[in-house]
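Structure record follows, encoded as structure tokens.
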Amino acid sequence: MSTSRAKRLDGIRRAVAEAGLDGLVVSSPADIFYLSGFRGSAGALLVTRDRALLFSDFRYRLQAARQAPEWEFVEVPRRLFARLGETSAEAGLRLLGFNPAHLTCKRRDELAEAAPQVELRPCEGLVEELRAVKSPDEVEAIRAAAALSDRAMAALVEALRPGVSERDLALEAEFLMRRAGAEAVAFDLIIASGPNSALPHAQPGDRALASGDLVVMDIGARVRGYCSDMTRTYAVGKASPRAREIYRIVYQAQREAAAAVRPGAVCGELDRLARSVIENAGFAEYFGHGLGHGVGIEVHEAPRLGRNGERILTVGNVVTVEPGIYLPETGGVRLEDLLAVTEDGAETLTRSPMPSELPIV
Ligand code: ZN
Ligand code: ZN
């Protein structure tokens with residue numbers, strides 16, 4: 001088994017033993033990929049002390065052999081979770097963990113009916129905890145994804161002008177990243193202009209950019225299964241004093257929080273650091289989301305940088321720092337960088353210029 005995957009399997013077995021379980025059902029595609037390398041859309045893993053099984057159907061037999069050669073492949077034509085239950089019972093497992101955030105009630109029932117003697121216990125986030133600490137290979141994939149989004153951001157900035165639509169800009173960025181080697185976009189790209197920029201998760205529409213608009217551009221690519229995430233805000237043609245003001249505040253909040261990202265930093269304190277800059281400027285109620293989130297196989301994963309986060313950052317965490325101010329009248333500003341926590345601080349993986357004053361194009 002490749003050393004990184006062998007390490008991950010060891011890691012999850014340790015976590016399973018510490019939780020007092022005999023085995024674990026892994027049903028989320030991101031967790032399945034992380035542990036086994038398998039990227040099919042249908043399947044589940046069963047991890048026990050001495051076995052590592054991948055359940056899927058005929059369509060994925062060859063793919064599984066290629067992507068997860070060390071895992072025992074169990075081909076199941078239908079009712080995959082019933083089969084998984086039977087296997088658990090045959091193996092003599094008594095206490096089997098599952099992730100209630102991912103296993104549907106229907107599948108859990110199917111599993112339970114097939115294995116009445118096996119007790120099922122909800123255990124959230126066992127694999128996600130492992131995923132939160134990235135290996136150098138994983139950081140390298142995220143760095144590559146970030147580099148593609150940097151190229152797309154440069155093209156977007158070039159393309160900003162009155163009359164161009166949000167949708168065309170989003171398509172342009174997606175095309176550019178995929179042409180340059182991204183497997184996909186990491187999420188539905190956000191190009192939000194004018195009044196739409198006040199919506200943190202606006203969908204790009206037919207709206208044409210107009211002079212005086214703020215434009216929030218939140219983009220990410222996926223490379224070798226790993227995501228990037230970055231936001232920049234520009235003004236088109238001209239900018240109001242209000243827009244310039246909130247940009248300066250968000251910039252300061254972003255810089256201060258990003259500079260504090262290092263091993264030992266408490267997630268909630270990073271959020272407070274950025275939030276206090278925005279609060280002191282009088283815009284507390286216009287920063288309604290958390291400061292940031294972990295990024296990896298999924299674009300939102302552990303650790304979360306939220307208001308009350310008690311978690312402490314460690315080397316290998318990859319997180320965003322993305323404060324924003326969203327004013328219904330003026331529009332919104334969000335600035336987001338992606339950082340990998342290193343021994344002596346953090347490496348900023350997203351490199352697109354972030355001017356200290358609102359850039360106008
Ligand atoms: Zn983002
Ligand atoms: Zn983000």
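For the chain, what ratio Rg/Rh do Cα atoms give with a Kirkwood hydrodynamic radius?
Taking Rh as the inverse mean 1/r over Cα pairs, Rg/Rh reads 1.03.
Can you tell which of Val118, Ala154, Ile142 lies farthest toward the positive end of the dipole of region 112-158, using +1 and -1 charges on the Cβ of basic and acidic side chains (Lys, Arg; Asp, Glu)?
Ala154
Could you give me D for region 230-361, from Stokes-Einstein at 25 °C and 0.890 mPa s, where the hydrodynamic radius is the Kirkwood radius over C-alpha pairs? Units µm² s⁻¹, please.
Value of D from the Cα-based Kirkwood radius: 166 µm²/s.
Answer with one residue from His201, Tyr247, Ala182: the one whose Cα lies farthest towards the positive end of the charge dipole of region 177-290, charges on Cβ with Lys, Arg +1 and Asp, Glu -1.
Value computed over the given set: Ala182.
Return P(r) of region 3-130 (all Cα-Cα pairs; 10 Å bins starting at 0; whole %; ordered from short to long distances).
Here the calculated profile for region 3-130 is 14, 50, 34, 2.
Give the angle, between 0 and 90 degrees and rounded to the nearest 10, that separates the Cα long axis of helix 166-179 from the longest principal axis of the Cα atoms of the chain.
50 degrees
In deg cm²/dmol and to the nearest 500, what is the mean residue ellipticity at 222 nm of the chain if only DSSP H runs of at least 4 residues count, each as -39500 (n - 2.57), divided by the residue total?
Result for the chain: -11500 deg cm²/dmol, rounded to the nearest 500.
Please determine, in degrees from 0 to 90 and to the nearest 10, the orientation of helix 241-259 with respect to the longest principal axis defined by the Cα atoms of the chain, where the helix direction is its Cα long axis.
It works out to around 40 degrees.
For an R0 of 35 angstrom, estimate the FRET efficiency from the Cβ-Cβ distance between Arg49 and His300 and round to the nearest 0.05.
Approximately 0.65, to the nearest 0.05.
Whole-Hz Karplus ³J(HN,Hα) for region 217-225, in order, using 6.51 cos²θ - 1.76 cosθ + 1.60 and θ = phi - 60°, x for Gly and Pro?
10, 10, 10, x, 10, 10, 10, 6, x
Using a simple charge model, +1 on the beta-carbon of Lys and Arg, -1 on the beta-carbon of Asp and Glu, nothing else, what dipole does the chain show about its Cα centre, in debye to the nearest 20?
In debye, rounded to 20, the chain gives about 440.
Beyond 23 Å, what share of the Cα-Cα pairs of region 136-348 remains, rounded to the nearest whole percent?
Of all Cα-Cα pairs in region 136-348, 43 percent lie more than 23 Å apart.
In degrees, nearest 10, range 0 to 90: what is the angle between the Cα axis of helix 267-280 and the longest Cα principal axis of the chain?
20 degrees
Taking the alpha-carbon distance from Lys7 and a cut-off under 26 Å, which lysines remain once sequence neighbours fewer than 8 residues away in the same chain are dropped?
Straight-line reach from Lys7, under 26 Å: Lys134.
Which whole-Hz ³J(HN,Hα) couplings does region 12-18 yield from phi under the Karplus relation 6.51 cos²θ - 1.76 cosθ + 1.60, θ = phi - 60°, glycine and proline marked x?
6, 5, 4, 4, 5, 5, 4
Apply the Karplus curve 6.51 cos²θ - 1.76 cosθ + 1.60, θ = phi - 60°, to the phi angles in region 102-112 and return the couplings in whole Hz, x for Gly and Pro.
Going residue by residue, I get 10, 7, 6, 4, 4, 6, 4, 5, 4, 5, 5 Hz, with x marking Gly and Pro.
Relative contact order, percent, of region 3-130 when contacts are C-alpha pairs under 8 Å separated by at least 6 residues?
25 percent
Counting alpha carbon pairs within less than 8 Å and at least 6 residues apart, what relative contact order, in whole percent, applies to the chain?
15 percent
Can you pull a Stokes-Einstein diffusion coefficient for region 313-361 at 4 °C (1.567 mPa s), Rh from Kirkwood over Cα pairs, as a whole number of µm²/s?
Calculated translational D: 102 µm²/s.
Here, each number is a calculation from the coordinates, and none is a lab measurement. Computed from a prediction, not measured in an experiment: that's the story for all the values here. All Cβ positions, glycine included, derive from the backbone under ideal geometry; neighbour counts span all protein chains shown.
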